[in-house]
Amino acid sequence: MRLSLHTDYALRTLMHLATERKRCSIQEIASFYGISRDHLAKVVRRLSQEGYLRTVRGVGGGIELAQKPEIINLGEVLDRLEGPMHLLDCVSVEGICRIQPSCKLKDIFAEAERLQREYLGNHFLIDLIPPDEKLVELKTKVTD
């Protein structure tokens, strides 16, 4: 599985907001990660549409989590943002390969996908947040 840059930014945004526990601006998050503000704005729009973020306009506005980190399921976030992620086309499409009816590779990869979905479905945004430590502290440790 390889996640798109869009999903990568989405997960980082959710982590940032869960760690900060306050309303933040898109510019603040983009600057923190050193990523494109414009690209992040598209990500924020999508996360808002999916119900993960709430946007507030005007003075003191910004973005904040619309749900508690304890209930934002990582498997669900990935499904909504990435859609079905198959390791091989034959896992989801019948008749795509000549040996497909008797091939064991399809079964093995289908099981790997099932295990991956199950694993990610058992984790929540709160699991990504280090206890009693902010991302800025983690960033400082890496750059020192």
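Observations on the structure shown:
- Close contacts from the range 1-28, counting a first residue that is without any contact (Cβ under 8 Å) to a residue 24 or more places away in the chain and surrounded by 18 or more Cβ atoms within 10 Å (Cβ to Cβ) and a second that is assigned to a helix (DSSP H, G or I) and among the hydroxyl-bearing types (Ser, Thr, Tyr), with Cβ to Cβ under 8 Å and a gap of 6+ residues or different chains, come to Arg12/Tyr33.
- Exclusive hit being modelled with pLDDT of 90 or more, under 17 Å from the mean Cα position of the chain (by Cα) and over 30 Å from Leu115 (Cβ atoms), set Glu82, Glu64, Glu76, Glu70: Glu64
- Applying a threshold of 6 Å to beta carbon distances and a minimum spacing of six or more residues, or different chains, the list of pairs starting in the range 74-103 at a residue that is over 24 Å from Ile126 (Cα atoms) and ending at one that is of a type in the set (Gly, Ala, Ser) and surrounded by 15 or more Cβ atoms within 10 Å (Cβ to Cβ) reads Val91/Ala110.
- Residue match in the range 32-40 (condition: of a type outside the set (Lys, Arg) and within 18 Å of Phe124 (Cβ to Cβ)): no
- Residue selected from the range 78-116 under the condition of a type in the set (D, E, K, R) and surrounded by 15 or more Cβ atoms within 10 Å (Cβ to Cβ), by the criterion farthest from Ser48 (Cα to Cα): Lys106
Okay, residues lined up against (1) among the hydroxyl-bearing types (Ser, Thr, Tyr); (2) in contact with a helix residue (DSSP H, G or I) (Cβ under 9 Å, 6 or more places away or on another chain); (3) farther than 30 Å from Lys22 by Cα; (4) not in a loop (DSSP other than H, G, I, E, B):
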site: Glu64; (1), (2), (3), (4): no, yes, no, yes
site: Leu81; (1), (2), (3), (4): no, yes, no, yes
site: Met85; (1), (2), (3), (4): no, yes, yes, no
site: Cys90; (1), (2), (3), (4): no, yes, yes, yes
site: Cys97; (1), (2), (3), (4): no, yes, yes, no
site: Ile126; (1), (2), (3), (4): no, yes, no, yes
site: Pro131; (1), (2), (3), (4): no, no, no, no
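- Given (1) in a helix (DSSP H, G or I); (2) farther than 19 Å from Asp8 by Cβ, number of the condition Gln27 does not satisfy: (2)
The values are calculated or read from the model by the stated rules, or taken from the named source; none is laboratory data. For clarity, every value in this text was computed on a predicted model and none was experimentally measured. Counting neighbours? That spans all protein chains shown, and the Cβs are built from the backbone with ideal geometry, glycine included.
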